Amino acid sequence: MADKPSSGEILGIPYNFERPSLGRLLSSYWQPDKGMLVEKPFGIGYTLNLANWRSWIVLAVAGGLYYQQQSAGGAPAGDADEEAAEDDDGPVEVIVDDD
């Protein structure tokens, strides 16, 4: 049976399933001569190149959004309506139509 390649490209998306070494991991995240996205050292797709200043902006925006979500209580937007309905203890009118 033929050996399957452990790295390559499918539909323009790179993959690499070779066992990663520490040196390869570190060198793949810091490539000063490359763009913002570089091939992942293990797995499928791309990752951020930390030698590019644009990557740090992406990380700062993502961190800011995460902080904003956590400081808001972390409740999804759909739960806010349910909580408001539970807080309202006023009378409720029920209409039953017997047609």
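The values are calculated or read from the model by the stated rules, or taken from the named source; none is laboratory data. Keep in mind the model is a prediction, meaning the values are calculated, not measured. In this analysis, Cβ positions are derived from the backbone assuming ideal geometry, glycine residues included, and neighbour counts consider all displayed protein chains.
Among the residues here, residue 76 does not qualify as surrounded by 12 or more Cβ atoms within 10 Å (Cβ to Cβ) and modelled with pLDDT under 95.
Within segment 49-68, track down each residue that is over 15 Å from residue 36 (Cα atoms) and either among the basic types (Lys, Arg) or exposed (fewer than 10 other Cβ atoms within 10 Å of the Cβ) (or both). Within segment 49-68, just 68 meets the criteria.
Here's the yes/no breakdown for (1) basic (Lys, Arg); (2) surrounded by 11 or more Cβ atoms within 10 Å (Cβ to Cβ); (3) at pLDDT 90 or above:
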| position | (1), (2), (3) |
| --- | --- |
| 2 | no, no, no |
| 6 | no, no, no |
| 11 | no, no, yes |
| 15 | no, yes, yes |
| 22 | no, no, yes |
| 25 | no, yes, no |
| 31 | no, yes, yes |
| 40 | yes, yes, yes |
